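The values are calculated or read from the model by the stated rules, or taken from the named source; none is laboratory data. Given the structure is predicted, the values throughout are model-derived calculations rather than measurements. Every residue, glycine among them, receives a Cβ derived from its backbone with ideal geometry; neighbour counts consider all protein chains shown. Please note that ligands, DNA and RNA were not included when accessible areas were found on the heavy atoms of the full protein model with its side chains. Shrake-Rupley method; radii C 1.70, N 1.55, O 1.52, S 1.80 Å.
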Amino acid sequence: MTFIGELAKQERLIAVCTIHQPSTAIYLAFDGVMLLSEGRVAYRGAAAAAVDYFASRGRKMPELTNPADFLLDLVNADFADKSEVDELLDAWADSREKRDSESDLTALGAEADLDGDGARPNVANQLAPLLRRQALLLSRDPLVLFARALCFMLGNAYFAVVYIKTRERHQDQVLNKMWLHVWFTAVPSQITCLLVFALNFEGRLVRTEVQNGLVSPAAYLVARSVLELPLVVFLALAAVGVPAYAIANWQASRFATTVLCWMAQQYCWDAFATALAVAFDNPLIGAAQYIGCWFSAFLYGGFLIPVKDIVWPLRALHWIFPLGYAIRSITFSEFVDGTWDACDKYDEGSDFCYCQGEDPSKSCSGRVVLDSLEIIYPLFSSKNTILLDVICCLALAVGAKLFACVAFVKSTQGSPPPKAAAAAAPEKA
């Protein structure tokens, strides 16, 4: 408290301290005091003048008494007679001291509802400070930002080295390149389960703020959603940049398109993590549910078993997760503009030529390779579905966000937090 006082004087700041039982030394360090009881003001003014004010109301402080303890005992209905407390509250409401203090504040340009009768801050004026706070928390949280980016980059770099021969567009590397796209997309989305823990912890803290009337749930959710967009851009550049283009030699002309497809599916997975973080009080349960969703997306993505061969209702799982959309679009983006070498170079070592219908002694286009790949994996084709796939991923993300909003708002409408409940108990009794 001494340091806060020194800092306030040095930087010309106003320090507001909510404190319940300060020592005499701390109380004497205050310039001003506002004493509250039952949601009403019992005194507001100079700290040094508080004892004299209550003495003028017939409440003289005994000698060798901590002023803070004396004042709190006067206005605490748990220890003093409630009628006496109400008398002090009414006396302040009609006092000259109240009018003088309000005049002083008005002269300083303070346009506030000093007795707490005004409306709470709305979403608009909470959004800017919440954006600043969430950005600061995000920059300080290694799990949400830097740890995930590092894991994405190192994990994808590892797969790029494993599939290093896919740098050249050879016939015998078509399937390997397709599977590299699978790992580049699927593994980072699996690591996102760690986000459930961070968001669950943050959600519990914000839920208490909402229940105490300090924060609007809508303002918090909007601020978090806005900040997730640059976060996903950063993660996409970390996951795809060096591993895909410096190591795996992907098509540089398709960089923006590939990053967009990767971002759309990752944003969707982050939305799923948010929904599960607020839906379950225990983060372990939320993380387990996330892994279950991810495994279903991997199993029914269309690259292990054709979608038409998946029985209903399990087939629906292909459409409600973003993995299949992203892998289809990234494969199209990477293959379509490429030129693949002739089939006759691999007569002995290749079981399948991906230049179907073309002269085996000549190179073939990426579209022809995609049409040939469709024979084995119907998920892929030379048809451009990038826009549709991105829209589907974003639509799934919006659905998950709406679910998270409903779950979060519902969780804040329960019983009040412990402190509020404790304060309300004596009045109910």
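Name the one entry in 107, 112, 68 that is farther than 30 Å from residue 277 by Cβ and either of a type in the set (Asp, Glu) or at pLDDT 85 or above (or both).
Step by step, each of 107, 112, 68 is checked, and only 68 is farther than 30 Å from residue 277 by Cβ and either of a type in the set (Asp, Glu) or at pLDDT 85 or above (or both).
What pairs can you find where one residue is in the range 280-306 and among the charged types (D, E, K, R), the other is open to solvent by less than 70 Å² (accessible area, probe 1.4 Å), and their Cβ atoms are less than 9 Å apart, with a gap of 6+ or different chains?
Final answer for the pair search is 281/200; 281/411.
Listed residues 330, 375; which is at pLDDT 60 or above, loosely packed, with under 15 Cβ neighbours inside 10 Å and either under 22 Å from residue 253 (Cβ atoms) or aliphatic (A, V, I, L, M) (or both)?
Only one candidate qualifies: 375.
For every residue, the table says whether it meets (1) farther than 24 Å from residue 277 by Cα; (2) open to solvent by less than 20 Å² (accessible area, probe 1.4 Å).
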{"site": "136", "(1), (2)": "no, no"}
{"site": "148", "(1), (2)": "no, yes"}
{"site": "158", "(1), (2)": "yes, no"}
{"site": "170", "(1), (2)": "yes, no"}
{"site": "217", "(1), (2)": "no, no"}
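So, in the range 202-215, how many residues would count as being assigned to a helix (DSSP H, G or I), hydrophobic (A, V, I, L, M, F, W, C) and open to solvent by 30 Å² or more (accessible area, probe 1.4 Å)?
Total satisfying the criteria: 1.
Looking only at the range 33-46, count how many residues are over 11 Å from residue 89 (Cα atoms) and surrounded by fewer than 18 Cβ atoms within 10 Å (Cβ to Cβ).
Selection size over the range 33-46: 2.
Any residue in the range 282-300 that is at pLDDT below 90, assigned to a helix (DSSP H, G or I) and open to solvent by 40 Å² or more (accessible area, probe 1.4 Å)?
Among the residues of the range 282-300, not one is at pLDDT below 90, assigned to a helix (DSSP H, G or I) and open to solvent by 40 Å² or more (accessible area, probe 1.4 Å), which makes the answer no.
State which residue is farthest from residue 99 (Cα to Cα) when the search covers only the range 1-31 and only residues that are surrounded by 15 or more Cβ atoms within 10 Å (Cβ to Cβ) and among the small types (Gly, Ala, Ser).
Among residues in the range 1-31 that are surrounded by 15 or more Cβ atoms within 10 Å (Cβ to Cβ) and among the small types (Gly, Ala, Ser), the one farthest from residue 99 (Cα to Cα) is 5.
What residue, of 64, 72, is under 15 Å from residue 27 (Cα atoms), assigned to a helix (DSSP H, G or I) and open to solvent by 30 Å² or more (accessible area, probe 1.4 Å)?
72
Go through (1) in a helix (DSSP H, G or I); (2) free of Cβ contacts under 8 Å to residues at least 40 places away in the same chain for residue 88 and report which single condition fails.
If we test residue 88 against (1) in a helix (DSSP H, G or I); (2) free of Cβ contacts under 8 Å to residues at least 40 places away in the same chain, just (2) comes out false.
So, in the range 240-261, how many residues would count as being in a loop (DSSP other than H, G, I, E, B), surrounded by 17 or more Cβ atoms within 10 Å (Cβ to Cβ) and not aliphatic (A, V, I, L, M)?
Total satisfying the criteria: 2.
Under the condition of being open to solvent by 30 Å² or more (accessible area, probe 1.4 Å) and in a helix (DSSP H, G or I), which residue from the range 308-318 is farthest from residue 258 (Cα to Cα)?
Among them, the one singled out is 309.
State which residue is farthest from residue 366 (Cα to Cα) when the search covers only the range 157-197 and only residues that are part of a helix (DSSP H, G or I), within 29 Å of the chain's Cα centre (by Cα) and of a type in the set (Val, Ile, Thr).
196
Can we say residue 192 is out of contact with any helix residue (DSSP H, G or I) (no Cβ under 8 Å at 6 or more places or on another chain), closer than 25 Å to residue 406 by Cα and either touching a residue at least 24 places away in the same chain (Cβ under 8 Å) or hydrophobic (A, V, I, L, M, F, W, C) (or both)?
No.
Please verify whether residue 321 is crowded, with 19+ Cβ neighbours inside 10 Å, over 26 Å from the mean Cα position of the chain (by Cα) and under 29 Å from residue 241 (Cβ atoms), treating the condition exactly as stated.
So residue 321 fails the test.
Being within 16 Å of residue 370 (Cα to Cα) and touching a strand residue (DSSP E or B) at 6+ places or on another chain (Cβ under 6 Å), is that true of even one residue in the range 321-336?
no
Picking from 199, 237, 231, which residue would you name as being at pLDDT 90 or above, of a type in the set (A, V, I, L, M) and either open to solvent by less than 40 Å² (accessible area, probe 1.4 Å) or under 28 Å from residue 301 (Cβ atoms) (or both)?
Matching residue, one of 199, 237, 231: 237.
Filter the range 1-26 down to residues that are over 34 Å from the mean Cα position of the chain (by Cα) and in a helix (DSSP H, G or I) and give me whichever is farthest from residue 67 (Cα to Cα).
By that ranking, first place goes to 10.
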